[in-house]
1. Please work out whether the range 137-203 counts as rounded, prolate or oblate from its C-alpha gyration tensor, where a ≥ b ≥ c are the square roots of the eigenvalues and a/c under 1.5 means rounded, while otherwise a/b larger than b/c means prolate and anything else oblate?
2. Net charge around residue 109, counting only other residues with Cβ within less than 14 Å of its Cβ (Lys, Arg = +1; Asp, Glu = -1)?
3. Name the residue farthest towards the positive end of the dipole of the chain from the options 194, 39, 106, assuming +1 on Cβ of Lys and Arg, -1 on Cβ of Asp and Glu, about the Cα centre.
4. Rounded to whole Hz and in sequence order, give me ³J(HN,Hα) for the range 5-20 from the Karplus expression 6.51 cos²θ - 1.76 cosθ + 1.60, θ = phi - 60°, writing x for Gly and Pro.
5. Give me the net charge of residue 157's neighbourhood, meaning all other residues with Cβ under 14 Å from the Cβ of residue 157; Lys, Arg count +1, Asp, Glu -1.
6. At residue 121 and residue 164, where each label point lies 7 Å from the Cα along Cα→Cβ, what is the point-to-point distance in nanometres?
7. Along the charge dipole of the chain, Cβ charges K/R +1 and D/E -1, which of 84, 16, 69 sits furthest on the positive end?
8. Once you list every other residue whose beta carbon is under 14 Å from the beta carbon of residue 202, what net charge do they have if Lys and Arg are +1 and Asp and Glu are -1?
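Laboratory data are not the source of any read-out in this text; all were calculated from the coordinates shown. Just so we're clear, the structure is a prediction, and the values are computed from it rather than from any experiment. Neighbour counts are summed over all protein chains in view; Cβ atoms, including those assigned to glycine, are modelled from backbone coordinates with ideal geometry.
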Amino acid sequence: MGKSKENVKDGTIFQIRDAEAFVDLREQRGKVIIGNSYLIMIIDKESKKELIATEKITNHLLETVEEDLYKKNDKVSGYIYQKTQFGLKVCFDEKYSGVIYANEIFKNYRIGEKVDLYIKEVRPDLKVTLSFQPIGFIAAMDATQAIVMERLKSANGYLSVSDKSSPELIKKVLGISKKKYKDAIGGLYRDRKILIKVNGIELI
């Protein structure tokens with residue numbers, strides 16, 4: 001992400017952390033409002049004057065990764081740059097494109113929102129699918145339990161969400177599916193970390 005700083009001849013200067021980058025008018029998707037933040041991508045670090053960037057990142061992202069560069073459950077970070085009927089497209093590690101499929105998305109995300117992800121699969125064609133949680137039952141369970149525990153602590157130890165609550169309410173409150181919620185609280189109950197009440201759960 002970059003914050004627009006100044007309109008100059010032929011383009012705009014953006015502030016990216018402690019550096020400045022120039023985006024040519026031809027590389028802008030529309031009118032740039034000074035002071036607003038935009039999803040941009042560095043495309044030339046070798047310029048003698050300043051970094052060169054683009055707002056049209058789809059023209060520059062790599063759709064495939066190098067063989068053996070990533071493996072399942074590797075952690076990556078990136079920015080959401082497109083919503084499609086299949087899910088979300090993410091620019092990760094500053095140059096690659098990956099997809100998060102719709103069946104793994106349980107809340108609304110904004111274009112330009114930063115996300116921490118895991119490699120779900122590097123396909124035979126070297127395209128990447130991503131996930132918000134580690135792959136594998138135990139890893140996914142631990143991650144979901146952590147979400148429940150964090151939400152419990154922030155709610156003073158009690159959540160009015162039970163295993164009888166609607167999938168819509170669970171998704172709204174915790175951002176996870178009802179199945180994952182029931183699996184998570186079952187594990188937390190067995191580990192004696194929570195009590196399961198009629199209308200909710202309570203931290204022990």
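1. Rounded shape, in that the Cα axes give a/c under 1.5.
2. Local charge sum for residue 109: +3.
3. Of the listed residues, the answer is 194.
4. 10, 7, 7, 10, 4, 6, x, 9, 8, 10, 9, 10, 6, 9, 10, 10
5. +2
6. Modelled inter-label distance: 3.9 nm.
7. The listed residue farthest towards the positive side: 84.
8. Within the 14 Å Cβ shell, the charges total +4.
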